[in-house]
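J.: One structure, pasted below without further comment.
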Amino acid sequence: MALGLIVALPAAAAGQLDWQTAPGYRWSELPVPAAGKTGFTLLPPQTTGISFSNHLSPERYLTNSILLNGSGVAAGDVDGDGLCDLYFCGLDGLNVLYRNLGNWRFQDVTAAAGVACPELDATGAVFADIDGDGDLDLIVNSLGGGTHIFINDGHGYFTRQTNTPPLNYGKAGASLALADIDGDGDLDLYVTGLFPILTSWGGSRSAPTDRSRNTGRRTCFTSTMAAAVSLPFRLPAEASWTRTESRSPNRPMTGACR
């Protein structure tokens, strides 16, 4: 089943608004129509061009019910044209990036952008400028496959940062949040998650929690986990992280990356 896009349609198009510029953002007053009604309008896939469906076969969710939690969506302007693009995470299929063409029309640019992630059961994603170069990079969580980072060239084309093993590998990362929690000018990452495997009859396998810190330099991820094993992970430009881990056998996994 394809997704329909539900939007709130303003009385004036974005190009007709009187935009005011402020440091780091812009704003405009929205005209409120005297007639009509407030609310949302459902736009079908035939109108938007968004035909993504998150398929999941019974054979998979009967052996791991965590998959029934579904997957996330990220929104942001990845190519710098001022329009909000959309990235959908998938389980039995590819992740999909839709470029916003304007007027509620979108184009599938996944292959050209290099963000399909065919080998991952993707659970969540976020756009954020993690290397400080002014464009939105992409972070993708997965069920057991780790957390993957894609660096944007500023035009909506991404390069995956390859490392062995990936950040947060073997764990069930779900949603993500970023903020400069230590005041050093770099975005830090917080990852929430669950057990990688949860059967319908209650069996489970636990995963360690994960903390990483963005040092702002081209250094490696360092990991401590029982035996204090170091795991290298390199990022380009000015982005890098430090990671520590601990294991909690009886609770869902959460991770903090700084």
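J.: When you scan the stretch 40-54, do you find a residue that is in contact (Cβ under 8 Å) with a residue 40 or more places away in the chain, part of a strand (DSSP E or B) and surrounded by 10 or more Cβ atoms within 10 Å (Cβ to Cβ), even just one?
T.: Here is the first cut: in the stretch 40-54, the ones in contact (Cβ under 8 Å) with a residue 40 or more places away in the chain are 43-45, 47-53.
Imposing the further condition that a residue be part of a strand (DSSP E or B) reduces the set to 43.
Of the ones still in play, those that are also surrounded by 10 or more Cβ atoms within 10 Å (Cβ to Cβ) are 43.
Among the residues of the stretch 40-54, at least one is in contact (Cβ under 8 Å) with a residue 40 or more places away in the chain, part of a strand (DSSP E or B) and surrounded by 10 or more Cβ atoms within 10 Å (Cβ to Cβ), which makes the answer yes.
J.: Give the residue that is least open to solvent (accessible area, probe 1.4 Å), with candidates limited to residues of the stretch 21-39 that are in a loop (DSSP other than H, G, I, E, B) and within 25 Å of GLY82 (Cβ to Cβ).
T.: Residues of the stretch 21-39 that are in a loop (DSSP other than H, G, I, E, B), as a first pass: 23-24, 28-39.
Now drop any that are not within 25 Å of GLY82 (Cβ to Cβ), which leaves 23-24, 28-33.
Details: PRO23: 124, GLY24: 89, SER28: 25, GLU29: 142, LEU30: 109, PRO31: 64, VAL32: 131, PRO33: 81 Å².
Of everything passing the filter in the stretch 21-39, SER28 is least open to solvent (accessible area, probe 1.4 Å).
J.: Which condition from (1) farther than 13 Å from GLY124 by Cα; (2) touching a residue at least 40 places away in the same chain (Cβ under 8 Å) is the one that LEU68 breaks?
T.: The one condition LEU68 does not meet is (2).
J.: Can you name every residue in the stretch 159-181 that is small (Gly, Ala, Ser) and open to solvent by less than 60 Å² (accessible area, probe 1.4 Å)?
T.: Once the filter is applied, which keeps residues that are small (Gly, Ala, Ser) and open to solvent by less than 60 Å² (accessible area, probe 1.4 Å), the stretch 159-181 yields GLY170, ALA172, GLY173, ALA174, ALA177, ALA179.
J.: I'm trying to understand the selection: among the residues of the stretch 55-78, which are open to solvent by less than 50 Å² (accessible area, probe 1.4 Å), part of a loop (DSSP other than H, G, I, E, B) and not small (Gly, Ala, Ser)?
T.: Passing the criteria: LEU56, ASN64, ASP77, VAL78.
J.: Shifting gears a bit: What number of residues in the stretch 130-175 are more than 19 Å from CYS84 (Cα to Cα) and either of a type in the set (Ser, Thr, Tyr) or assigned to a strand (DSSP E or B) (or both)?
T.: Residues meeting the conditions: 16.
The values are calculated or read from the model by the stated rules, or taken from the named source; none is laboratory data. Just so it is clear, the model here is predicted, and its values are computed rather than measured. Note that we place each Cβ from the backbone using ideal geometry, even for glycine, and neighbour counts take in every protein chain shown. Accessible surface areas use protein heavy atoms only, side chains included; no ligands, DNA or RNA. Shrake-Rupley method; radii C 1.70, N 1.55, O 1.52, S 1.80 Å.
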